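The values are calculated or read from the model by the stated rules, or taken from the named source; none is laboratory data. Quick caveat: nothing in here was measured; it's all calculated off a predicted structure. Neighbour counts are summed over all protein chains in view; Cβ atoms, including those assigned to glycine, are modelled from backbone coordinates with ideal geometry. For accessibility, only protein heavy atoms count, side chains too; no ligands or nucleic acids. Shrake-Rupley method; radii C 1.70, N 1.55, O 1.52, S 1.80 Å.
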Amino acid sequence: MGNFEIVKTENLKSYTAFSKQTFKNIIKLDHEMPMYEFVPERRYSVDEIFFDTPNNLLASAGIILSKVIEDGKAYFKIEREEYSFEKRLSSGRKVFIQPAGLRDTIVDHTLFLTDGISSMFSTKFNIDFQNVFKMAVPKLELNSKIDVLKILSGVGFKGEISFEEIKIINYFTKRKADLNMVTIEQKSSSVLTKEFQEFATKLEKYCKELTLTNESKYQIAIKMTKLK
C-alpha cells in the first residue's frame, strides 16, 4: 500500500538556467558572496517517465502519473494537475507514492494507484482505471543529472542548491529538448526565512542567467516539446 507525502514548497525557489555552465558559475560565487560557504554535497541521477492514454485521458482529468527511478529504487507517483504548479503560497503539496519494483508496470499496481487517485481527489470519477492503466503508455521522459551544493553562513542559515541537467523525450510529439534548472531550498529553521530571501536576492544579482519560474519540470518539458 502506498502513502501520501507532503513536498515542501515554502522557502524554495526554482529557476531555469541558461546553460550547463551556470553550475560552474554558481560555484565561483564564493568570491562574490564571501559570507556564504559553498560545499559540494553529492551527484545523482533521476529518471521519471510520465504515462497517459493516447488521448490524454489522465491529464484531462487532472491526474499526473509517473514512475520514478532514483538510486536504484523505483516508485509510482500521482500528483494533481494544479499541484504541479508548486504554488509558493502553500507550505507544501500532496503527492501519492506507491513503491514498486524496477520492472513493475502500472497494471501491476492498479488497485493501489486507483485507491491513491480516489483519496487524492474529492471528485468522483466515472472512469474504469483498470482499463485506463492497460491503455496507458509512456508520454514524457525526463532523465536528470543532479548536482547538490550545501550553503552555510555564519548567522546559522543553511540551504541547498540543486542544479539539474535534464534530457526530455516527448513520445507523443516525437520531440526532444534539453533543460537546465536550479533550485534553492532553505534547510535551517523557518525563523531564518529573511536570511533565505537575502541569499536568493544575492544569487539572482550575481547569476543573471537564472530566470525564476513557478512551473514544474513537467510543465516546462511539455511546453518545450509540444507541436508548434
With every protein chain in place, the accessible area of Arg42 for a 1.4 Å probe, in Å² rounded to the nearest 10, comes to 110 Å²
The stretch 135-193: relative contact order from alpha carbon pairs under 8 Å, six or more residues apart, as a whole percent, is 33 percent
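Among bridges DSSP assigns within the stretch 129-228, what percent are antiparallel (round to 5)? List each step's numbers first, then the result.
Working: 25 of 25 bridges.
Bridges in the stretch 129-228 are about 100 percent antiparallel.
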Residue span Thr110 to Lys24: 0.36 nm per residue of separation minus Cα-Cα distance leaves a gain in nm of 26.6 nm
Helix 110-120 sits off the longest principal axis of the Cα atoms of the chain, rounded to the nearest 10 on a 0 to 90 degree scale, by 60 degrees
Among Lys150/Lys226; Lys8/Lys228; Lys67/Lys226; Lys73/Lys150; Lys158/Lys226; Lys150/Lys174, the pairs whose Cα-Cα distance exceeds 31 Å are Lys150/Lys226; Lys8/Lys228; Lys158/Lys226; Lys150/Lys174
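Given only helices, namely DSSP H runs of n ≥ 4 each adding -39500 (n - 2.57), what is the per-residue ellipticity at 222 nm of the chain, to the nearest 500 deg cm²/dmol?
Value at 222 nm, helices only: -6000 deg cm²/dmol.
Placing unit charges on C-beta atoms (Lys and Arg positive, Asp and Glu negative, everything else neutral), compute the dipole magnitude of the chain about its Cα centre in debye, rounded to 20. Each step should come with its number before you reach the end.
Values: 35 positive and 31 negative charges, 107 e Å.
Dipole size: approximately 520 debye.
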For the chain, dividing by residue count, accessible area per residue (probe 1.4 Å) in Å² works out to 54 Å²
Rounded to a whole %, the carbon-and-sulfur portion of the accessible area of the chain at a 1.4 Å probe is 52 percent
With a ≥ b ≥ c from the Cα gyration tensor eigenvalues, square-rooted, and the rule rounded for a/c under 1.5, otherwise prolate when a/b > b/c and oblate otherwise, the stretch 1-125 is prolate
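Hey, how much of the P(r) for the chain falls beyond 26 Å, as a percent of Cα pairs? Walk me through the intermediate numbers first.
Working: 10732 of 25878 pairs.
In whole percent, the share of Cα-Cα pairs in the chain beyond 26 Å is 41.
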Whole-Å distance linking the alpha carbon centroid of the stretch 62-77 with that of the stretch 151-228 is 20 Å
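Using heavy-atom solvent-accessible surface (probe 1.4 Å) with all chains present, what is the largest-first order of Glu32, Glu79? Spell out each step's value before the answer.
Details: Glu32 100, Glu79 15 Å².
Per-residue accessible area, sorted high to low, gives Glu32, Glu79.
Which of rounded, prolate, oblate describes the stretch 127-167, given a ≥ b ≥ c as roots of the alpha-carbon gyration tensor eigenvalues and a/c under 1.5 marking rounded, otherwise prolate only if a/b is larger than b/c? Mind showing how you got there, number by number?
On the way: a/c = 8.86, a/b = 2.76, b/c = 3.22.
In terms of gyration-tensor shape, oblate.
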With the 8 Å Cα cutoff and a minimum separation of six or more residues, the chain has a relative contact order in percent of 29 percent
